[in-house]
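**Q** Next up is a structure, given as structure tokens.
The values are calculated or read from the model by the stated rules, or taken from the named source; none is laboratory data. No experiment lies behind these values; they were computed from the predicted model shown. All Cβ positions, even for glycine, are placed from backbone atoms using ideal geometry, and neighbour counts span all protein chains on display.
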Amino acid sequence: MAQTIRDQLLQLPEVEFPDLIIPLPLGSIRLQQRGFNQSMEIARHLAQQIGVDIQPTLLRRIKETLAQSELDTKRRLANVRRAFLISPDKLGAIENLHVALVDDVMTTGTTLNAAAQELKNAGARKVSNFVFARTPKSRTPSH
């Protein structure tokens, strides 16, 4: 997955690699259930492949959220509101940096947008989303 993301980046006419890679964090309950964070595994390999630092503990998920795939648009927004926080000991670490958030699948982008907003509020100059796959819009629940 990381190699596919890297290969797609290298095909961009004016690729701008980030200064830092941050995997999208899981809540502690979901992490315990899965036993690993799939975004972290992708981010770790991608960081090695493009020679960029990774900061897996900079962004934390402080709110356990429902699976976004089960929610309509309005509930998705509420679900991830105030779900992410920059670790207090890392404040200032991303000031004026280009940061890449890494995730496996993006459905509507609501979760990535919430995480990106937290990074921008903490001073990131630019936030890019690097995802392996995108769910077709027709698959999104409409209830």
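**Q** Would region 66-80 turn up any residue that is under 29 Å from GLN3 (Cβ atoms), assigned to a loop (DSSP other than H, G, I, E, B) and either within 16 Å of the chain's Cα centre (by Cα) or modelled with pLDDT of 90 or more (or both)? Write out each step before concluding.
**A** The initial filter retains those residues of region 66-80 that are under 29 Å from GLN3 (Cβ atoms), namely 67-69, 80.
Adding the requirement that they be assigned to a loop (DSSP other than H, G, I, E, B) leaves 67.
Now restrict to residues that are either within 16 Å of the chain's Cα centre (by Cα) or modelled with pLDDT of 90 or more (or both): 67.
Scanning region 66-80 turns up at least one residue that is under 29 Å from GLN3 (Cβ atoms), assigned to a loop (DSSP other than H, G, I, E, B) and either within 16 Å of the chain's Cα centre (by Cα) or modelled with pLDDT of 90 or more (or both).
**Q** In region 95-133, what residues are touching a helix residue (DSSP H, G or I) at 6+ places or on another chain (Cβ under 7 Å), in a strand (DSSP E or B) and either crowded, with 19+ Cβ neighbours inside 10 Å or without any contact (Cβ under 8 Å) to a residue 60 or more places away in the chain (or both)? Steps first, answer last, please.
**A** Step one: filter region 95-133 for residues touching a helix residue (DSSP H, G or I) at 6+ places or on another chain (Cβ under 7 Å), giving 99, 101-104, 106-108, 110-111, 114, 127, 129-130, 132.
Within this subset, residues satisfying the condition of being in a strand (DSSP E or B) are 99, 101-104, 106, 127, 129-130, 132.
Scanning region 95-133 gives VAL99, LEU101, VAL102, ASP103, MET106, VAL127, ASN129, PHE130.
**Q** If you don't mind, another one. Starting from region 38-62, keep only residues that are more than 12 Å from VAL99 (Cα to Cα), then list their pairs with residues that are among the basic types (Lys, Arg) whose Cβ atoms are within a distance under 7 Å, requiring at least 6 positions of separation or different chains.
**A** LEU46/ARG6; GLN49/ARG6; ILE50/ARG6
**Q** From the residues in region 14-25 that are touching a helix residue (DSSP H, G or I) at 6+ places or on another chain (Cβ under 7 Å) and part of a loop (DSSP other than H, G, I, E, B), which one is nearest to GLU95 (Cα to Cα)?
**A** PHE17
**Q** Let me ask something additional. Among the numbered criteria (1) outside any helix (DSSP H, G or I); (2) surrounded by fewer than 17 Cβ atoms within 10 Å (Cβ to Cβ); (3) at pLDDT 85 or above, which single criterion is violated by GLN49?
**A** It is condition (1) that GLN49 fails.
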